[in-house]
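The values are calculated or read from the model by the stated rules, or taken from the named source; none is laboratory data. Note that the structure is predicted; figures quoted are calculated from it, not measured. With ideal geometry, Cβ positions are generated from the backbone for all residues, glycine too; neighbour counts draw on all protein chains shown. Please note that ligands, DNA and RNA were not included when accessible areas were found on the heavy atoms of the full protein model with its side chains. Shrake-Rupley method; radii C 1.70, N 1.55, O 1.52, S 1.80 Å.
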Amino acid sequence: MQPKQPHQKAQLASKPERFREVSTMALAASLSPATPLVQTTNLNPLGWTDDQILEKVYITHVHTAERYDVESLFNVTSNVIKRSTAIADSVAVKTGTPVGLIEDKVVLSTFDPPFLKLKHIASQMMNTPHGEHHAHQTAMSILDQLRSYSWDGKAILVLAALALEYGNFWHLVQVPTADHLGRSLAQMNRVHIVERNRQAVADYNSLVKNLLIAVECISELERLSTKGYDLKDVPALAEAMQEIPVAVYWAIVTTVVCANHFDFLLGESDDRYEIANFDDKLSAVISKLKANLTRSRKKIGDLEDYWRRKKLLQTPTEIVEVLKVLIFHNEVHDPHVYDGFSRQMVSIEVFRKKHVLLFISGLDSIRDEIRLLQSIYEGLHEDPMEVKGYRKEDFRILWVPVVEDWNLLHRAEYDNLKLEMPWYVVEYFFPLAGIRLIREDLNYKNKPIIPVLNPQGRVVNNNAMHMIFVWGIDSFPFRPSDDDVLTQKWNWFWAEMKKVNPRLQDLIKADSFIFIYGGNDKKWMQDFSQSVDKIRRHDIIKKADAVIEHYPFGREDPRIVPRFWIGIESLFANMIQKTHKDPTIDEIKSLLCLKQQQPGWVLLSKGSNVKILGSGEPMLATAADFEIWKEKVLEKAGFDVAFKEYYEQKRRNYPQECSHMQLANYPADILHPINCPDAGCGRSMEIASVSYKCCHGHIHNKAEIPESGDVMIEKKYAS
C-alpha cells in the first residue's frame with residue numbers, strides 16, 4: 001500500500017487528475033538519466049520496426065545464471081486472470097465460462113511471490129499518463145529494473161503486477177452482502193460502476209485475455225528452448241527466440257497501457273482508440289508467436305518420435321518392432337502388408353522370428369532388381385533348404401517403396417510392379433514414418449538397396465544388393481562374410497591362370513562374362529567355341545546388354561597347360577596338410593576331378609566372380625540349346641543365371657560318372673582321405689594308388705595294384 005499522504009481532499013479528486021499529478025513525478029523518478037522525459041514526448045512505438053524495438057530493448061537485458069521461479073508465478077497469475085476475466089464476462093456479456101468450472105494450475109506450496117516488487121510495478125504502470133510515448137517510457141523503465149530476469153520472467157512479472165490489481169478489483173465485485181468489510185472496500189473501489197460500462201468492460205477484458213495468451217506463448221517458447229533441442233533441428237524455435245525480446249516488449253508496453261487505462265474500465269475515460277491500437281498490435285504478435293509455437297511443437301514432436309524410433313533401430317530386440325518404426329506411423333495399431341503370393345493383405349506378424357531382406361527402392365527402373373530378387377525368391381524355395389546352419393524357410397523378402405507423392409500415376413506404376421512380385425510388399429500410401437532413418441541409418445540414397453535384418457531386428461548386412469547381383473542365391477544367408485568367402489573362393493584359380501597367361505587380366509577387368517574351357521578333345525573344343533560365338537552375336541544378348549568372351553585354354557600355347565595343373569596340384573597338396581580345412585579346397589577338388597573327365601571342363605565367370613564350373617558334355621549341350629532357353633536371359637537376373645539353370649536341368653540327363661582325381665607328382669607320405677567334390681554325393685573317396693576315386697555309392701571294381709616302385713595305397717570307405 002502507498003503511505004498515507006496529507007491533504008486527503010486533494011486525493012479525492014477525479015482519477016484522471018490524480019494520474020496527471022502523480023504519474024509524471026513517479027515516471028520521472030523511475031527513468032534513468034540517459035532517457036529524460038523531455039526527449040521522449042514524441043516517441044510512438046506503434047510506428048517502429050521490430051529491428052528498432054530490438055535495438056532499444058536488448059540493451060536492457062543482462063544474461064545471468066540466476067533463476068527465479070517464474071513458472072509458479074505464472075501459474076498463480078494465470079489462475080487470477082482466468083477467474084477475473086470470467087467474472088468480467090459475466091458482468092459485461094452475461095456469458096462465458098462459469099467461474100466454478102475453471103481449473104486452477106497447481107502452484108508449489110513453498111512459492112513466495114515478490115509482493116513488494118509487484119506492487120511497485122503496478123503502481124508505476126497505473127500512474128503512467130495516457131499516450132503511447134508514456135507507455136513506452138514506463139515499459140523501458142520496467143525492463144531496466146528487470147534486466148537480470150529471463151525474457152519470459154520479465155513478461156510474467158509485469159503481467160502478475162496487473163493481475164494483482166485486476167484480480168482484487170473483480171474479487172470485490174462478487175463480495176456477498178453479509179461481508180461488510182468487503183462491501184466497504186468494493187464501494188471504495190467503485191466496483192458498482194462497471195455495471196454501467198459493459199462495453200468498456202468487454203473491450204478491456206479482451207485485452208487482458210490477449211495479454212495472458214501472449215505471455216503464455218512466450219513462456220512456452222522459452223521453456224522449449226531450455227529442453228536441449230538443437231535449434232538447427234527446430235528452425236521455428238530458433239526464429240521464435242529471435243523474436244522473443246520484441247514480443248516481450250509488446251506484452252509489457254501493452255500491460256502498461258492496460259494498467260493506466262483502469263479509468264476506462266470505470267467509465268472515467270473514453271480513450272478506447274489507444275487500447276484498440278495496442279490490442280491490434282498484440283494480436284499480430286500473438287499470431288506470430290502461435291505460428292512459431294505450433295511449428296516448434298510439431299517439429300519437436302517429430303524429433304522425439306525420430307529419437308524414439310532411432311533408439312529402437314539401434315538397440316533392437318524384435319524384427320516386427322523394427323519394421324514398424326521404419327514404415328508405419330504411431331496411429332497405425334495393426335499394420336498389414338501385401339502378400340504377393342496369396343494376393344491378400346496379411347499382418348506384419350508374418351515376419352516375427354524371421355530374417356528379412358528389405359528391398360528399398362523408388363518406382364523407376366527397378367525391373368532388373370525385381371528379376372534378381374525373383375531368382376532369390378525361387379532359390380529360397382529350392383534344395384538344399386538348409387545352408388551354413390540357416391533354414392531358407394526362415395527368410396522373407398519385403399519391398400518398401402519410397403515415394404514422396406502418391407499421385408494417381410505413381411499408384412498405377414506401383415500396382416503394375418506389385419504384380420511382378422511374389423514376395424511381401426508394403427502397401428502404405430503415406431510418407432514412411434522412418435524415412436529419415438532409412439536415409440541416414442540404412443543409407444538409402446534414392447538407389448535400390450537390400451539391407452538384411454535378423455530376427456532380432458539387427459542389421460547384419462547394410463546392403464546385400466551387390467553380392468546378390470554377383471552371386472545370386474549362392475550368397476545365402478547374405479552376410480558380408482559370405483561375400484568375402486565367395487570372393488576369395490576362386491582367387492587361387494585366377495592366380496594360377498594369370499601366371500601362365502597374364503593377358504587374361506584384361507578380360508577380368510572388363511567385368512564381362514568369360515567362358516574358360518579346356519580338354520584333350522579337339523572337336524569338343526571346336527564345337528564349344530562355335531556355340532559360344534553364336535550366343536555372343538545373338539540379338540537377345542545385345543538386348544540384355546551382356547558382353548560374352550571365351551578363352552580356349554591352351555589352344556594358343558599348349559605348354560601352359562601342364563604348368564597350370566602342376567601349380568593347382570601343388571596348391572592342393574599344401575592345403576590338404578593344414579590342420580584346419582581351407583574353404584577353397586572343395587573348388588580345387590572339383591577342378592582336379594573335372595580335369596580327368598572327357599571331353600573337357602568349362603568355367604563361366606562374370607569378371608573374376610566364378611558362376612559355374614561344369615563338365616564338358618552338358619556344358620556344350622547347354623550352349624548349343626541357346627535357342628531353347630534364350631528368353632530366360634531377359635526373364636532371369638542375367639545371362640549367368642539363365643545359363644546355370646538350364647545347365648542344371650541338362651546335366652541330369654547324362655550318366656553320373658565316378659569322380660576321379662589323378663595327381664601326377666603327389667608325395668606318398670601325405671596322402672589323406674578326402675570327400676567327393678560332387679555336390680550330390682559328398683562321400684569319402686577311395687584312395688587307389690595315387691589317385692582319389694568315388695563312384696557316388698555305386699559298385700565299382702577294386703583298383704589295380706601298381707607296379708613295383710610306384711606308390712601303392714588302397715583304401716575304401718563306406719558310402
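Some observations on this one:
- Each residue, GLN577 and ARG183, gets one label point 7 Å from its Cα in the Cβ direction; the gap between the two is 12.1 nm.
- Partners of LYS119 within straight-line reach, counting lysines whose Cα lies under 25 Å from its Cα and excluding those fewer than 8 residues away in the same chain: LYS4, LYS9, LYS15, LYS82, LYS105, LYS154, LYS209.
- Solvent-accessible ranking of ILE435, ILE376, largest area first, probe 1.4 Å: ILE435, ILE376
- For the stretch 139-236, the per residue solvent-accessible surface stands at 43 Å², with DNA, RNA and ligands left out and a 1.4 Å probe.
- Heavy-atom accessible surface of CYS681, to the nearest 10 Å², is about 30 Å², with a 1.4 Å probe and all protein chains retained.
- Note on the stretch 509-544 and the stretch 426-441: Cα centroid distance 45 Å, given to the nearest whole angstrom.
- Surface composition of the stretch 104-249: carbon plus sulfur atoms contribute 53% of the solvent-accessible area (1.4 Å probe, protein chains only, all chains present).
- Subset of LYS447/LYS509; LYS288/LYS311; LYS498/LYS630; LYS499/LYS522 violating a 26 Å alpha-carbon distance limit: LYS288/LYS311; LYS498/LYS630
- Carbon plus sulfur fraction of accessible area for the stretch 333-490, probe 1.4 Å, in percent: 50 percent
- Accessible area in the full protein assembly, largest first, 1.4 Å probe, for ASP511, ASP383, ASP203: ASP383, ASP511, ASP203
- With all protein chains kept in place, the per residue accessible area of the stretch 373-518 amounts to 47 square angstrom at a probe of 1.4 angstrom.
- Accessible surface comparison of SER361, SER123, probe 1.4 Å, protein chains only, largest first: the order is SER123, SER361.
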